[in-house]
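K.L.:
A single structure is presented below for examination.
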There are 2 protein chains.
Amino acid sequence: MRKILLGAAAALLASTGMSMANDSVMSGTKNPNGWVIQTGDYANTRHSTLSQINRDNVGDLQVAWSFSTGVLRGHEGSPLVVGDTMYVHTPFPNIVYALDLNNYGAIKWKYEPKQDPDVIPVMCCDTVNRGLAFANGMVFLHQADTTVVALDAKSGQVRWSVVNGDPSKGETNTATVLPVKDKVIVGISGGEFGVQSHVTAYNIETGERVWRAYSMGPDDQILMDPKKTTHLGKPVGKDSGLNTWEGDQWKIGGGATWGWYSYDPDADLFYYGTGNPSTWNPAQRPGDNRWSMTIMARDPDDGMAKWVYQMTPHDEWDYDGINEMILTDQEIDGKMRKLLTHFDRNGFGYTLDRITGELLVAEKYDPAVNWATHVEMDKSSDQYGRPQVVSKYSTEQNGEDVNTTGVCPAALGTKDQQPAAYSPRTELFYVPTNHVCMDYEPFRVSYTAGQPYVGATLSMYPAPNSHGGMGNFIAWDGKKGEIVWSIPEQFSVWSGALSTDGDVVFYGTLEGFLKAVDAKTGEELYKFKTPSGIIGNVMTYAHDGKQYVAVLSGVGGWAGIGLAAGLTNPNDGLGAVGGYAALSNYTALGGQLTVFKLPD
Amino acid sequence: MRKILLGAAAALLASTGMSMANDSVMSGTKNPNGWVIQTGDYANTRHSTLSQINRDNVGDLQVAWSFSTGVLRGHEGSPLVVGDTMYVHTPFPNIVYALDLNNYGAIKWKYEPKQDPDVIPVMCCDTVNRGLAFANGMVFLHQADTTVVALDAKSGQVRWSVVNGDPSKGETNTATVLPVKDKVIVGISGGEFGVQSHVTAYNIETGERVWRAYSMGPDDQILMDPKKTTHLGKPVGKDSGLNTWEGDQWKIGGGATWGWYSYDPDADLFYYGTGNPSTWNPAQRPGDNRWSMTIMARDPDDGMAKWVYQMTPHDEWDYDGINEMILTDQEIDGKMRKLLTHFDRNGFGYTLDRITGELLVAEKYDPAVNWATHVEMDKSSDQYGRPQVVSKYSTEQNGEDVNTTGVCPAALGTKDQQPAAYSPRTELFYVPTNHVCMDYEPFRVSYTAGQPYVGATLSMYPAPNSHGGMGNFIAWDGKKGEIVWSIPEQFSVWSGALSTDGDVVFYGTLEGFLKAVDAKTGEELYKFKTPSGIIGNVMTYAHDGKQYVAVLSGVGGWAGIGLAAGLTNPNDGLGAVGGYAALSNYTALGGQLTVFKLPD
Ligand SMILES: O=C(O)c1cc(C(=O)O)c2c(n1)C(=O)C(=O)c1cc(C(=O)O)[nH]c1-2
Ligand SMILES: O=C(O)c1cc(C(=O)O)c2c(n1)C(=O)C(=O)c1cc(C(=O)O)[nH]c1-2
């Protein structure tokens, strides 16, 4: 028996040739004391089983210690905690600090890459970075300039580094990476620069490139099998990434992959979404523009797509489909289902079967959403799975150089990059949302490599006839597709949520408050004004038997681009500056970590 | 009787022509709920009569709220509090925020001057600013570029502004201002650029210049009366600011006035100290170099000096005399005396009679001080009042291009700008100190306007044969000239102290800790790690009946110049970079306000 087991293990090692990131990440995510990947776990639930801080005592929370990153502008993502060490990253220039949890966050080591600042103007939506991942004794950083670096977690020494793209062509990075099996899987930004975007796998020990899957292009580039890869149960067919585009437009087709990645170890599939087709002027790219705006389920070994689902064919509003896919096992109609839930920019909350890609639920998670009446759920309809667009809000039908007004949500969606959390205790999703509408005027634009390729003028404002604010923090029932409770917020909630076994849900606000609410009722239990607006994601860990909650402050991101980049013209920052102008009455730029605990 | 009083008031008004800053500042400083000038009160005691936070409960302190200033580099000074409003300033570009204490520090208004960044390289010791002053409904800011601005405290509108110096000649500003009577009195920096420095009075309502008193030069420039102005009880004599210099060296003589100002309303005298003579190479400026390194007592109406005391004639170590003068009334030899206590860079703690300028005490406040054996106290000696220099540590006697080693203190003194506090309850001074020694090698340098005019190479290190750290926080008996207790610190304590009627003393550390200690014993009662190293000064205020303690974090200043300016060569930053290199293991750049309170 012992011999057989050894043999099996040896075979496994031989098949991968090296240690498995799975094991490292799964043991890491199973230990609630740590926080090893940005999303909390492979399933992207952002739920912790820690419960020392609970809904009865969270009101006593206080700041334990704090740390300034030395960098201003938008701080997205969160720190990681591995053992006694906390790893903190920053926006450009993407410094990494290893902090000593045994000594008030003293600095064990610091890694500061030298990056050409020319990358800054090629970043569409602030110089953010969504953070590090830890696996196999290494900390992985994907820099703004698309350099992927593996750092020795103990020393900060570079083990390997590889260049994933070319900023001079508008290719940049803001996303975290997914360490899985013997690979690190990474995305790319550039939807506003006409980049033909992709996900790429690098060997986790050497940095060698293993495969690359484009969002659009010929089948051998998009790594789809015309017969085996399915879309809503049907094979995608030959050249689906070509024949849904006119001419060579796919070559500058966008579909960026700057969002969050999840992984199901049993199904051995990883999931992510693709962004908007380029340009924002829909008239310039007739067709469905596959596979922009698509949920992808791929095999991490070879990158092949098992199933895909395009949420917003032929996008006319910049509703990037990159938001996180949260993997849960829940009972639907008396049957346990392996689910994938996704809150899309377009305002629909989708629940799918994550094994087959079957569409189960698609409902608006903000009643303000008006660009489509609904998603067709009748499998026999030729419209099956397609949003039913309201002509009045169709920027394509209204045409170029026409200002389409009152579209809800705005381009930054009912939710943008800010990740939701899921509590298996309440079976609810906790979703930081935007409550913003827009006017959108597309115009003809020509492509020059490395230059903005946007093609629309936007303005944004709070959803009309509502509470006047620009955001809500909601609890969502993913099986029914229903809002359970909703907390109005003055600004978009641009921070990622955290839920815990203490039945508390945490999130941050653009004014800078960390808030804790009751997971069942949404009742506010605690709030604290951190130094700057929060667009980071709340995380929790335990050290020496004590639970801590931590969050990065530092206003910015698309919503905070006015403050972050010092812009004041309302239409600047792709239309966000005007809508969020009042933010400057509440907060200024920052870059701080605040760590909370209960009184000793 | 009523008539007579009215008449007297009218006469007073007529004599000044307008409302008196005295009244505004004195009523402001008498109200312990607010904090209207940087030094806490005209006497520079930095003592508050608030006692809600006391030595029994200070251990429960927690963070109430925080605010990021949006600026990195060294944050000196402190916020002000007037009623419901807190005024926060920043280093260059010297932003001023008015924060709403009723709404978690929301921003009521923001003033951001446009300043030429060319001023930055002309600032010797980081882009710091020591803060605002409030008087007569106005907030006064003295910008880096020497523009003095009066802002309407309600609206932030500029009431007047005036230019005090010329950065292209090396004239800059880092100091706060002194509002007194119908004037605002301001200093200037430039001792490392050969500026003939001065204090200047502007009309508080109009900004019109009233008088200017140079530190060196002919009598009509230094505003001294050869017969009436005294030095240690004797008239200074004719042209004292000329004939203690060789040739025209006084024209580039330094004696900058970048420190703290105090005022005695009864004596109607204000007090300040002057900085080093230029250049740091003593061989280039034979003579006593009067009135560099001097405590000045002047009349605010006309600027005339009543008495002066030069602590370090013919400086050979850069021991600027600008540190604060703390005005106390204490009993000495059974007699109540009006005292002035001053902890000089040179390592001696001086106590003088502030009315007459009589020297009462001059003792070392760090046992490491070795450049002088003592200050001669024998009034009949021709050495009376002069430090007795140890030849071995005389950089003049050792000569140009000779490295004088082991001089204690280092150029940044046993104390630099970080202000001490005084508690009338314990009759002790609480002094943040440096415990640093140096090697100093003077070299010949030639003067070019606007170029550094330094003339020495320095290196700094912890005082040898001591606790290994670079600082101490001490309690000092100013009458006896004795250390009562001393807390060793790893780095210089570059933050200003606060003492309160709660018998607690607060200070910050360069690693970023806010510490509270027992005023009687020095026992540590509380510490909290703020986001960045603290070189700001701790202040306290009350709002809605609750006491708060607030401090700015943001590492920098001379001690933190390596981090602040990104320097790594040990001799850079006028020799400070090497000595404080280990700071980067503890903290990174920041700019945050942290406000503390007791639990509700
Ligand atoms: O298409 C793209 O390449 C791309 C990249 C990014 C990015 O990398 O941050 C954003 C977007 N699009 C985008 O559409 C968007 O709303 C957005 C918000 C943010 C942010 O961090 O706040 N980034 C991005
Ligand atoms: O002679 C001058 O003009 C001058 C100016 C300043 C300044 O303005 O900050 C400092 C000094 N000297 C100086 O000697 C010194 O030690 C010093 C420390 C600091 C600081 O803020 O940390 N400033 C200055």
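The values are calculated or read from the model by the stated rules, or taken from the named source; none is laboratory data. Not measured: the values here are computed from a predicted model. All Cβ positions, even for glycine, are placed from backbone atoms using ideal geometry, and neighbour counts span all protein chains on display.
K.L.:
Among (1) within 30 Å of A:Cys408 (Cβ to Cβ); (2) away from every other protein chain (no Cβ under 14 Å), where does A:Gln547 come up short?
P.N.:
Of the numbered conditions (1) within 30 Å of A:Cys408 (Cβ to Cβ); (2) away from every other protein chain (no Cβ under 14 Å), the odd one out for A:Gln547 is (1).
K.L.:
A follow-up question, please. Out of B:Val361, B:Val402, I need the residue that is touching a Phe, Trp or Tyr at 6+ places or on another chain (Cβ under 7 Å), modelled with pLDDT of 95 or more and either over 27 Å from B:Met336 (Cβ atoms) or not aromatic (Phe, Trp, Tyr) (or both). Which one?
P.N.:
None of the others qualify; the one that does is B:Val361.
K.L.:
Looking only at region B:392-418, which residues are part of a strand (DSSP E or B) and away from ligand 2 (no atom under 16 Å from the Cβ)?
P.N.:
If the condition is that a residue be part of a strand (DSSP E or B) and away from ligand 2 (no atom under 16 Å from the Cβ), then B:Thr404, B:Thr405, B:Gly406 are the ones that fit.
K.L.:
Quickly run through region B:164-203 and pick out the residues that are more than 8 Å from ligand 2 (Cβ to nearest atom), farther than 15 Å from B:Gly303 by Cα and either free of Cβ contacts under 8 Å to residues at least 12 places away in the same chain or over 18 Å from the mean Cα position of the chain (by Cα) (or both).
P.N.:
Within region B:164-203, B:Asn164, B:Gly165, B:Asp166, B:Pro167, B:Ser168, B:Lys169, B:Gly170, B:Gly194, B:Gln196 meet the criteria.
K.L.:
Within region A:130-144, count every residue that is in contact (Cβ under 8 Å) with a residue 60 or more places away in the chain and β-branched (Val, Ile, Thr).
P.N.:
Number of matching residues: 0.
K.L.:
For region B:25-109, please list each of the strands (runs of 3 or more DSSP E) lying entirely inside it that holds at least 1 residues being without any contact (Cβ under 8 Å) to a residue 40 or more places away in the chain and among the basic types (Lys, Arg).
P.N.:
Filter on region B:25-109 gives an empty set.
K.L.:
What's the total number of residues in region B:533-548 that are assigned to a strand (DSSP E or B) and either within 13 Å of ligand 2 (Cβ to nearest atom) or more than 17 Å from B:Ala420 (Cα to Cα) (or both)?
P.N.:
7
K.L.:
Looking at A:Thr127, A:Thr147 in this structure, which one is in contact (Cβ under 8 Å) with a residue 40 or more places away in the chain and β-branched (Val, Ile, Thr)?
P.N.:
Sole residue among the options that is in contact (Cβ under 8 Å) with a residue 40 or more places away in the chain and β-branched (Val, Ile, Thr): A:Thr127.
K.L.:
Also, I was wondering about something else. Go through (1) more than 14 Å from chain A (Cβ to nearest Cβ); (2) in contact with an Asp or Glu (Cβ under 9 Å, 6 or more places away or on another chain); (3) of a type in the set (A, V, I, L, M, F, W, C) and name the single condition B:Leu132 misses.
P.N.:
(2)
K.L.:
Residues that are surrounded by fewer than 19 Cβ atoms within 10 Å (Cβ to Cβ), at least 3 per element: which strands (runs of 3 or more DSSP E) completely within region A:116-174 meet that?
P.N.:
Those strands (runs of 3 or more DSSP E) span A:158-163.
K.L.:
Residues being within 16 Å of ligand 2 (Cβ to nearest atom) and part of a loop (DSSP other than H, G, I, E, B): count how many of those fall in region B:231-260.
P.N.:
Of the residues in region B:231-260, 7 are within 16 Å of ligand 2 (Cβ to nearest atom) and part of a loop (DSSP other than H, G, I, E, B).
K.L.:
Which condition number does B:Asp600 fail, the rest of (1) at pLDDT 95 or above; (2) within 14 Å of another protein chain (Cβ to nearest Cβ) being met?
P.N.:
(1)
K.L.:
Given the criteria away from ligand 2 (no atom under 16 Å from the Cβ), over 26 Å from A:Ala559 (Cα atoms) and either more than 21 Å from the chain's Cα centre (by Cα) or not in a loop (DSSP other than H, G, I, E, B) (or both), does A:His374 qualify?
P.N.:
yes
K.L.:
Could you run through region A:59-99 and say how many residues are on the phi > 0 side of the Ramachandran plot and more than 11 Å from chain B (Cβ to nearest Cβ)?
P.N.:
3
K.L.:
Answer with yes or no whether A:Asp503 is surrounded by fewer than 24 Cβ atoms within 10 Å (Cβ to Cβ), of a type outside the set (A, V, I, L, M), at negative phi and over 18 Å from the mean Cα position of the chain (by Cα).
P.N.:
It is false that A:Asp503 is surrounded by fewer than 24 Cβ atoms within 10 Å (Cβ to Cβ), of a type outside the set (A, V, I, L, M), at negative phi and over 18 Å from the mean Cα position of the chain (by Cα).
K.L.:
Of B:Thr568, B:Thr530, which residue is away from ligand 2 (no atom under 12 Å from the Cβ), surrounded by fewer than 18 Cβ atoms within 10 Å (Cβ to Cβ) and farther than 17 Å from B:Pro91 by Cα?
P.N.:
Of the residues listed, the single one that is away from ligand 2 (no atom under 12 Å from the Cβ), surrounded by fewer than 18 Cβ atoms within 10 Å (Cβ to Cβ) and farther than 17 Å from B:Pro91 by Cα is B:Thr568.
K.L.:
While we're here: Looking at B:Leu593, is it free of Cβ contacts under 8 Å to residues at least 40 places away in the same chain, within 14 Å of chain A (Cβ to nearest Cβ) and buried (at least 24 other Cβ atoms within 10 Å of the Cβ)?
P.N.:
Against the criterion (free of Cβ contacts under 8 Å to residues at least 40 places away in the same chain, within 14 Å of chain A (Cβ to nearest Cβ) and buried (at least 24 other Cβ atoms within 10 Å of the Cβ)), B:Leu593 does not qualify.
K.L.:
Out of the residues in region A:480-496 meeting the condition of being within 16 Å of ligand 1 (Cβ to nearest atom) and part of a loop (DSSP other than H, G, I, E, B), tell me which one is nearest to the other protein chains (Cβ to nearest Cβ).
P.N.:
A:Phe491
K.L.:
Mind checking which residues of region B:549-563 are in a strand (DSSP E or B) and out of contact with any Pro (no Cβ under 8 Å at 6 or more places or on another chain)?
P.N.:
Correct list: B:Val549, B:Val551.
K.L.:
Right, something else. Just checking, does region B:459-479 include any residue being in contact with a Leu (Cβ under 6 Å, 6 or more places away or on another chain), away from chain A (no Cβ under 14 Å) and within 15 Å of ligand 2 (Cβ to nearest atom)?
P.N.:
There is no residue in region B:459-479 that is in contact with a Leu (Cβ under 6 Å, 6 or more places away or on another chain), away from chain A (no Cβ under 14 Å) and within 15 Å of ligand 2 (Cβ to nearest atom).
K.L.:
Under 8 Å between Cβ atoms, at least 6 apart or on separate chains: pull out the pairs that start in region B:538-562 with a residue that is within 12 Å of B:Ala588 (Cα to Cα) and free of Cβ contacts under 8 Å to residues at least 60 places away in the same chain and end on any residue that is more than 16 Å from ligand 1 (Cβ to nearest atom) and part of a loop (DSSP other than H, G, I, E, B).
P.N.:
What qualifies is B:Gly562/B:Thr568; B:Gly562/B:Asp572; B:Gly562/B:Gly573; B:Gly562/B:Tyr580.
K.L.:
Same structure, new question: Among the numbered criteria (1) within 28 Å of A:Glu363 (Cβ to Cβ); (2) not in a loop (DSSP other than H, G, I, E, B), which single criterion is violated by A:Glu441?
P.N.:
(1)
K.L.:
Then there's this: Residues that are more than 14 Å from every other protein chain (Cβ to nearest Cβ), within 16 Å of ligand 1 (Cβ to nearest atom) and more than 26 Å from A:Leu99 (Cα to Cα): does region A:149-164 have at least one?
P.N.:
For region A:149-164, residues more than 14 Å from every other protein chain (Cβ to nearest Cβ), within 16 Å of ligand 1 (Cβ to nearest atom) and more than 26 Å from A:Leu99 (Cα to Cα): present.
K.L.:
Within region B:278-295, can you find the residues that are without any contact (Cβ under 8 Å) to a residue 60 or more places away in the chain and either within 15 Å of ligand 2 (Cβ to nearest atom) or under 12 Å from B:Ser197 (Cβ atoms) (or both)?
P.N.:
B:Arg285, B:Met293
K.L.:
A further question on this structure: So A:Gly512 passes all but one of these: (1) more than 24 Å from A:Tyr87 (Cβ to Cβ); (2) at the interface with chain B (Cβ under 10 Å from one of its Cβ atoms). Which condition number does it fail?
P.N.:
In the conditions (1) more than 24 Å from A:Tyr87 (Cβ to Cβ); (2) at the interface with chain B (Cβ under 10 Å from one of its Cβ atoms), A:Gly512 misses (1) alone.
K.L.:
Residues in region A:456-479 that are part of a loop (DSSP other than H, G, I, E, B) and either at pLDDT below 95 or over 22 Å from the mean Cα position of the chain (by Cα) (or both): how many?
P.N.:
Summing the residues that are part of a loop (DSSP other than H, G, I, E, B) and either at pLDDT below 95 or over 22 Å from the mean Cα position of the chain (by Cα) (or both) in region A:456-479 gives 9.
K.L.:
A further question follows. Would you mention how many residues in region B:394-421 are in contact with a Gly (Cβ under 8 Å, 6 or more places away or on another chain) and either aliphatic (A, V, I, L, M) or more than 16 Å from B:Asn346 (Cα to Cα) (or both)?
P.N.:
4
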